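None of the figures in this text is laboratory data; all of them are computed from the coordinates on show. Not measured: the values here are computed from a predicted model. In this analysis, Cβ positions are derived from the backbone assuming ideal geometry, glycine residues included, and neighbour counts consider all displayed protein chains.
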């Protein structure tokens, strides 16, 4: 029971860590693309910081109050004071809050995407690009959820661009393939685990026998050997561990092949491909350590 708990905890922690690190990789790539990772950047259209957020984005994220010019980025309105940000200067001076703001905005954006049913396009091919969660989110970051909807519902016939004439297809393909479970809540790596059903206060609904019959103590391995036609518990354990190891290696091979295929089709960047394969390898090694060692 203790080993089972440790296994479940290990799988959960590794899955959460992987998802969080993948999202951070996405943000790092987005920041590099938007501002060369300079939190003090203000472009000619008034977009601010590492992730080039405008008034409408910061309104959605809860940092700026909606005014009469939410799409002009003149910043003449009022800041909410969230996380101590009371002005444009405060925002530009705080890289950590900028990262928190883009996370808040991404959560809001994914809510819009889901409510419109655009998340159902994940896995489909539009304009020659396989849609992924990170690709959809990046496309919405560039041209808004409305622009993303226009692109998807037209099956790629309409390709919106931003003020710099950057097409949504460029952002979708550039930022495809990142694990955004930290934002979307969709687990894209690992599997589910079963559980024992409980009743009321958590007591198992499997009831013990009414009476206990004393039996002499028997070595578990010997007992298993007696009931399994001479196959020892240790031999079975080794066989199961071998099967698990083979399945994990096959899983890694599948992940690597699928990522390479997506990269070859220009659906993801080489950086995203390498990052996913490295993290899949690390997860496999962790699982091998938990199961085998």
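Overview of values
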item: Distance between modelled label sites at residue 66 and residue 260, nm, 7 Å Cα→Cβ extension; result: 5.0
item: Cβ-Cβ FRET estimate between residue 115 and residue 240, R0 fixed at 35 Å, reported to 0.05; result: 0.20
item: Sequence ranges 128-136, 42-50, 98-106, 116-124, ranked by mean other-Cβ count within 10 angstrom, highest first; result: 128-136, 98-106, 42-50, 116-124
item: C-alpha center-to-center spacing [region 58-92, region 109-160] in angstrom; result: 27
item: Sorted peptide list for 143-154, 67-78, 84-95, criterion being average Cβ within 10 angstrom, highest first; result: 143-154, 84-95, 67-78
item: Ellipsoid equivalent to region 16-184 - semi-axes via the Cα gyration tensor, in Å; result: 26, 18, 15
item: Computed FRET value (nearest 0.05) for residue 247 with residue 78, which takes r as the C-beta separation and R₀ as 41 Å; result: 0.15
item: 250, 180 arranged by Cβ crowding within 10 Å, fewest neighbours leading; result: 250, 180
item: Reference-scaled alpha-carbon Rg (2.2 N^0.38 Å with N residues) for region 91-186; result: 1.06
